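Shown next, in structure tokens, is the structure this report addresses.
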Amino acid sequence: MAEGQKKILGMDQTEMSIFMRRYGITLVMLLMIAVLSLASPAFRTPDNVLNVLLQVSINGILSIGMVFVMIAGGIDISIGSMLALTSSVAGMVLLKTGSIPLALGVSIAATTVAGCMNGLLVAKCKMFPFVVTLATQLVFRGFGYFVSGGYAHSIEEPAFKVIGTGRFFDVIPYPVILFFLVVLAAYILLHWTKTGRYVYAVGGNINAATASGVNVSKTLILTYVLSGICCGIAGIIMTSRINASQPNIGIGYETDAIAACVIGGASFAGGLGTIPGTVVGIIIIGLIYNGMNLLGVSSYWQTMMKGLLIVAAVMLDLLLHKKK
């Protein structure tokens, strides 16, 4: 192949492949922002920007937990049920005690234990993650119904409602702040610590990780525990926003979380994925919903677009990482 054919924007094919792998999805997000800004002036307003971030805050926190699991080579489709479990437990604790700190602690502890259960079944019992979380999503949702008696309960504590609806200095919604705090903590853990390197090692090659002395079981369990913690935080925000404890919430939320991870560069095979990429992925999904709503596009098309984006992201992953 001629030298001129190998060069694209001053980069050879290998450099272009690396560049697209790192920044391609960010370029897609920027292109979407530019198109929507031109198509709808309302999109460019500060209120709408905050609205997009508020809309993705819950799914964004779920996606951050999910990406740890996917990088380690697993998947967690029980996160929607853990949202419902959080809501049920938090509501009942508030109803019985009126203590907001206790409700927060007990509900997040419940999803942490639930995540640990998933991790133990995957790591110790060597069960397939999809099968495990398919089964436990029924268990967790059923327990949520048991705790709540199968009914929704309104929450009478005004201070609890502030978590999901309040604003910092009457400007930035608290869910957005919580989302970025979770992102920051996850970024430090995954990209700056030995634990993060272990997660990548287990997902990249579990046999090599074992031979290198990595505690594979502990690492796998940790990823599911982190997913459970993120579900607890997201569940608290959702319960606060709707101001009610409901055991039937969270249905289908695992789809958006998986979509955000895959769009952001995570692979179902494990070993790939980043926190910034996942954030970009969930923002892209938020842009689809927000942009199509502003343009008056039917919700059916929004669902179809999300599915097509997942397919496109998986195909791109295969193309970028195929053997040459």
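FYI, it's all coordinate maths here, none of it is from the lab. Fair warning: this is a prediction, and the values are worked out from it, not measured in the lab. All Cβ positions, even for glycine, are placed from backbone atoms using ideal geometry, and neighbour counts span all protein chains on display.
Counting helices only, and only those DSSP H runs with n ≥ 4, report the 222 nm mean residue ellipticity of the chain as the sum of -39,500 (n - 2.57) divided by its residues, in deg cm²/dmol to the nearest 500. Intermediate values should be presented prior to the final figure.
Details: 14 runs with 245 residues, N = 324.
Dividing the helical sum by the residues of the chain leaves -25500 deg cm²/dmol.
Given charges of +1 on the Cβ of Lys and Arg and -1 on the Cβ of Asp and Glu, with all other atoms neutral, how large is the dipole of the range 53-250 about its Cα centre, in debye to the nearest 20?
Working: 10 positive and 4 negative charges, 81 e Å.
So the magnitude is around 400 debye.
Please report the relative contact order for the chain, taking Cα pairs under 8 Å with a sequence separation of at least 6, and give it as a percent rounded to a whole number.
Working: 537 pairs, mean separation 101.9, N = 324.
Reported relative contact order: 31 percent.
When you count, for each residue, the other Cβ atoms within 10 Å and take the mean per peptide, how do 161-170, 238-247, 217-226 rank with the highest first?
Sorting 161-170, 238-247, 217-226 by mean packing, highest first, produces 217-226, 238-247, 161-170.
Would you kindly state how much longer the chain becomes between VAL131 and PHE180 on full extension, computed as 0.36 nm times their sequence separation minus their alpha carbon distance, in nm to one decimal?
Numbers: separation 49, 0.36 × 49 = 17.64 nm, distance 3.15 nm.
Full-extension gain reported as 14.5 nm.
Nearest 10 degrees, 0 to 90: what angle lies between the long axis of helix 13-39 and the longest principal axis of the chain (Cα atoms)?
60
When ranked by the protection proxy of mean other Cβ atoms within 10 Å per residue, highest first, what sequence do the peptides 79-85, 296-302, 154-160 form? Don't skip to the end; give the middle numbers.
Working: 79-85: 30.3, 296-302: 10.9, 154-160: 13.6.
In descending order of packing, they fall as 79-85, 154-160, 296-302.
Note down the nm distance, to one decimal, between modelled labels 7 Å out along Cα→Cβ at THR303 and at ASN243.
About 2.9 nm, to one decimal.
Could you tell me which of VAL56, PHE168, THR193 has its Cα farthest along the dipole of the chain towards the positive end, charges placed at Cβ (Lys, Arg +1; Asp, Glu -1), taken about the Cα centre?
THR193
What is the spin-label model distance, in nm, from ASN293 to LEU95 if the labels are put 7 Å beyond Cα along the C-beta direction?
3.0
Need the C-alpha centroid separation for the range 24-73 versus the range 126-156, integer Å.
One Cα centre to the other: 28 Å.
Packing-wise, with mean Cβ within 10 Å as the measure, how do 282-294, 174-186 rank, highest first?
Ranked by mean Cβ neighbours within 10 Å, highest first: 282-294, 174-186.
Using a 10 Å cut-off around each Cβ, can you sort CYS261, CYS125, CYS116 from fewest to most neighbouring Cβ atoms? Each step should come with its number before you reach the end.
Working: CYS261 32, CYS125 8, CYS116 15.
Fewest-to-most Cβ neighbours within 10 Å comes out as CYS125, CYS116, CYS261.
Of [x] 45, 35, 13; [y] 31, 24, 17; [z] 34, 27, 16, which one was derived for semi-axes √(5λ) of the Cα gyration tensor in Å from the structure shown?
Matching entry in [x] 45, 35, 13; [y] 31, 24, 17; [z] 34, 27, 16: [z].
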